[in-house]
1. Would you pick out the residues in region 189-202 that are of a type outside the set (D, E, K, R) and either in contact with a helix residue (DSSP H, G or I) (Cβ under 9 Å, 6 or more places away or on another chain) or outside the structural domain of E263 (by TED's automatic domain parsing) (or both)?
2. Which condition breaks for T273 when tested against (1) out of contact with any strand residue (DSSP E or B) (no Cβ under 6 Å at 6 or more places or on another chain); (2) in the same structural domain as E115 (by TED's automatic domain parsing); (3) surrounded by fewer than 16 Cβ atoms within 10 Å (Cβ to Cβ)?
3. Take the residues in region 231-262 that are in contact with an Asp or Glu (Cβ under 9 Å, 6 or more places away or on another chain) and aromatic (F, W, Y), then tell me which one is modelled with the lowest pLDDT.
4. If you check G200 against the conditions, is it of a type in the set (G, A, S), in a loop (DSSP other than H, G, I, E, B) and surrounded by 17 or more Cβ atoms within 10 Å (Cβ to Cβ)?
5. Restricting attention to region 190-197, does a residue exist that is closer than 24 Å to D286 by Cβ, surrounded by fewer than 21 Cβ atoms within 10 Å (Cβ to Cβ) and modelled with pLDDT of 95 or more?
6. Filter region 164-179 down to the residues that are in contact (Cβ under 8 Å) with a residue 60 or more places away in the chain and either of a type outside the set (V, I, T) or not in a loop (DSSP other than H, G, I, E, B) (or both) and list them by number.
7. Is it true that V154 is more than 18 Å from A180 (Cβ to Cβ) and touching a Cys at 6+ places or on another chain (Cβ under 8 Å)?
8. Do you know which residues across region 90-146 are acidic (D, E), part of a helix (DSSP H, G or I) and under 19 Å from Y236 (Cα atoms)?
Amino acid sequence: MLQHIHFADPGYLYLLLTIPVSAIWYWYRGSRSYAEMFMPASDAFTSGKPSMKLRLRPLLFVIRMLAIAFIILALARPQSNISRQDISVEGIDIVMATDISGSMLAEDFKPNRLEASKDVATEFIIGRPNDRIGLVVFSGESFTQCPLTTDHAVLINLYSDIKSGMIDDGTALGDGLATAVSRLKESKTASKVIILLTDGVNNMGALDPLSAAEIAQLYGIRIYTIGVGSIGKAPYPFETPFGIQYQNVEVKIDEPLLKKISEMTNGKYFRATNKRNLANIYNEIDKLEKSKIDVTEFKRNKEEFFPLIILALILLCAEIILRQTYFRTNP
């Protein structure tokens, strides 16, 4: 609830300027209301300090000015504006399908493609608190690492635990996509999204990636595909009897297939050649997929002049009573 005070007829507030003018006139009139009498010596007429009644007499003027001020404020019709905003947020269901095949250990991204992807995806998750997000991982096969959830702390912990070698190696794009679709097909949200991240070519799995995309299209699921890897060759670590040795391995990403998958589902294909580029891609997806926020605003005006009228009447009555009692001048 928000409450604000405003005046319905603020023009009356200019009448408040009469109060300082009246105060100046009162002071001027008081200073000129005593006749001057010149005497050779005035010591005989000195009667000491003015009485308390005389010193307090200006209080009557102050009371009257306060009463007039309250009447003017009441004429300006102060109103309290009570407003309430009801905000409802409709989130988006997102499944992040991440390739964890051995090639994701290539170090053209620092420290490697998989760790860089995890870092950037974690920032993306943190920036979408109203969405349900799930995680599917795939290489030679696929499985759900985390179902759709709004508990992003749990999701981030599970995301940090994924590593290459958890399942058989390979790149089963179709199976990974199908597992992500199965997590979203029962969703009732207006927007259902898959972010498919891979650095390879489909070479394993029971389902063709385009068939999985057709199923996604049937359920109204939009797919954003991200190809991860530098252009040309990338350093890849190999274990040897003499320790880790690096070899430059050619980067092979089936970009035509990834583009086709995105086009079929009204999504978009992105190519990330470094970590910064990948972060920019997630930022663009974040802008493309905004949660729907409905705001219902309720306002009500309430007149607040009545207490001011009561105060003005009390002050006027107090002035009359004081003038007729304590400050009364004897005839």
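The values are calculated or read from the model by the stated rules, or taken from the named source; none is laboratory data. These numbers come from a predicted model, not from an experiment. Cβ atoms come from the backbone with ideal geometry, glycine included; neighbour counts cover every protein chain shown.
1. Of the residues in region 189-202, the ones of a type outside the set (D, E, K, R) are 189-191, 193-198, 200-202.
Correct list: V193, I194, I195, L196, L197, T198, G200, V201, N202.
2. Here T273 meets the rest and fails (3).
3. First, the residues of region 231-262 that are in contact with an Asp or Glu (Cβ under 9 Å, 6 or more places away or on another chain): 232-237, 245-246, 251-253.
Pick out the ones that are also aromatic (F, W, Y) and you get 236, 246.
Details: Y236: 94, Y246: 91.
Of everything passing the filter in region 231-262, Y246 is modelled with the lowest pLDDT.
4. Numbers: of a type in the set (G, A, S): yes; in a loop (DSSP other than H, G, I, E, B): yes; surrounded by 17 or more Cβ atoms within 10 Å (Cβ to Cβ): yes.
Judged against the criteria, G200 is a match.
5. Residues of region 190-197 that are closer than 24 Å to D286 by Cβ, as a first pass: 190-197.
From what is left, the residues that are surrounded by fewer than 21 Cβ atoms within 10 Å (Cβ to Cβ) are 190-191.
Next, from what is left, pick out any that are modelled with pLDDT of 95 or more: none.
Scanning region 190-197 turns up no residue that is closer than 24 Å to D286 by Cβ, surrounded by fewer than 21 Cβ atoms within 10 Å (Cβ to Cβ) and modelled with pLDDT of 95 or more.
6. The initial filter retains those residues of region 164-179 that are in contact (Cβ under 8 Å) with a residue 60 or more places away in the chain, namely 164-167, 169-171, 173, 176-177, 179.
Within region 164-179, S164, G165, M166, D169, G170, L173, G176, L177, T179 qualify.
7. Numbers: more than 18 Å from A180 (Cβ to Cβ): yes; touching a Cys at 6+ places or on another chain (Cβ under 8 Å): yes.
When the stated conditions are applied, V154 passes them.
8. Let us first name the residues in region 90-146 that are acidic (D, E), namely 90, 93, 99, 107-108, 115, 119, 123, 131, 141.
Next, only the ones that are part of a helix (DSSP H, G or I) stay: 115, 119, 123.
Correct list: E115 only.
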